[in-house]
Amino acid sequence: GAGVSQTPSNKVTEKGKYVELRCDPISGHTALYWYRQSLGQGPEFLIYFQGTGAADDSGLPNDRFFAVRPEGSVSTLKIQRTERGDSAVYLCASSPVPPQRGSYNEQFFGPGTRLTVL
Amino acid sequence: QQPVQSPQAVILREGEDAVINCSSSKALYSVHWYRQKHGEAPIFLMILLKGGEQKGHDKISASFNGKKQQSSLYLTASQLSYSGTYFCGTEFTSNTGKLIFGQGTTLQVKP
């Protein structure tokens, strides 16, 4: 079946502009995660959705970053007033069920969106 | 809170073995291992739960020492396809799905 898809695959923007990054999780997956990966580093957690609600947004760097998942499927990561330091690969992952104590679920990652802020 | 992986890089010949370690200073609930090739998405390898366990499939296995907050990934008789960067992702005392990843270990397998 189809995996996690992300669009666009590449986004180049100018400092100060607004960008939206889209994630289509695997059909039926209720948990969705956003990570940011800088060159040579591991993925850095940003936010986690369980259904439509953000269950943990503690990784969002500041209030320029916002994410939504209005229907519990597709999610959009929104970045306002972009800065050069926002340049990175933004990864989305999904899991089939919400994490519960006593169970553990693998996260399926998408190919990422490479954001470059000039 | 970021786990520390060692070594940072490994170069092997086909058929050789490797061990990648992941250590945390904070109590862990679980450890997730992923492999990522350049320009691609991380691919799930396995999850280990606290309490100490060992898992494996094919020639890749892992262990988790819950007392020492350490996990090790064992690659046996390495193949060219094993090349890539290996990340451990850690969950702390509550099972939230929020993973904190190490900085990665780059593995290169040569013919």
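With loop defined by DSSP as not H, G, I, E or B, and exposure as at most 14 other Cβ atoms within 10 Å, which is the longest segment of chain B clear of exposed trypsin sites (Lys or Arg not before Pro)? Numbers along the way, then the final one.
Details: sites that count: B:Lys26, B:Lys37, B:Lys59, B:Lys67, B:Lys68.
So the longest stretch without any such site is B:69-111.
Among the listed pairs A:Lys11/B:Lys110; B:Lys67/B:Lys98; A:Lys78/B:Lys26, which have their C-alpha atoms separated by more than 30 angstrom in this model? Don't skip to the answer; put the middle values down first.
Working: A:Lys11/B:Lys110 34 Å; B:Lys67/B:Lys98 21 Å; A:Lys78/B:Lys26 32 Å.
Among A:Lys11/B:Lys110; B:Lys67/B:Lys98; A:Lys78/B:Lys26, the Cα-Cα distance tops 30 Å for A:Lys11/B:Lys110; A:Lys78/B:Lys26.
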- line: Heavy-atom accessible area of the protein assembly as shown with neighbours in place, 1.4 angstrom probe: carbon+sulfur share in percent works out to 48
Test item: A:39-51 mean partner chain Cβ contacts at 10 Å: 4
- prompt: Normalised by the number of residues in chain B, what is the relative contact order in percent for Cα pairs under 8 Å and 6+ residues apart?
  reply: 37
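Counting other Cβ atoms within 10 Å of each Cβ, which trypsin sites (Lys or Arg not before Pro) in segment A:1-40 have at most 15 and sit in a DSSP loop? If you can, show how the numbers build up before the last one.
Working: sites: A:Lys11, A:Lys15, A:Lys17, A:Arg22, A:Arg36; in loops: A:Lys15, A:Lys17.
Those satisfying the criteria are A:Lys15, A:Lys17.
For chain B, give the magnitude of the charge dipole about the Cα centre (Cβ charges: +1 Lys/Arg, -1 Asp/Glu; no others), in debye to the nearest 20.
Values: 11 positive and 7 negative charges, 51 e Å.
Using Cβ point charges on Lys, Arg, Asp and Glu, chain B gives about 240 debye.
Roughly how crowded by other chains is peptide B:100-111, in terms of the mean Cβ count from those chains within 10 Å of each of its Cβ atoms?
That works out to 2 on average.
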query: Taking amide H positions as placed 1.01 Å from N in the peptide plane, with prolines and chain starts having none, which residues 5 or more places from B:Gly104, or on another chain, fall under 5 Å of its amide H?
result: B:Gln5, B:Cys88
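Could you give the accessible area per residue of the protein assembly as shown, probe 1.4 Å, as a whole number in Å²? All intermediate terms of the calculation are to be shown ahead of the outcome.
Details: 10810 Å² over 229 residues.
Here the per-residue accessible area is 47 Å².
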- prompt: Which whole number gives the average, over all residues in B:39-46, of C-beta atoms from other chains lying within 10 Å of the residue C-beta?
  reply: 5
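The values are calculated or read from the model by the stated rules, or taken from the named source; none is laboratory data. Bear in mind the structure is a predicted one, so any value in this text is a computation, not a measurement. Cβ atoms come from the backbone with ideal geometry, glycine included; neighbour counts cover every protein chain shown. Ligands, DNA and RNA are stripped out before the accessible areas are found, and what is left, the full protein with its side chains, is counted by its heavy atoms. Shrake-Rupley method; radii C 1.70, N 1.55, O 1.52, S 1.80 Å.
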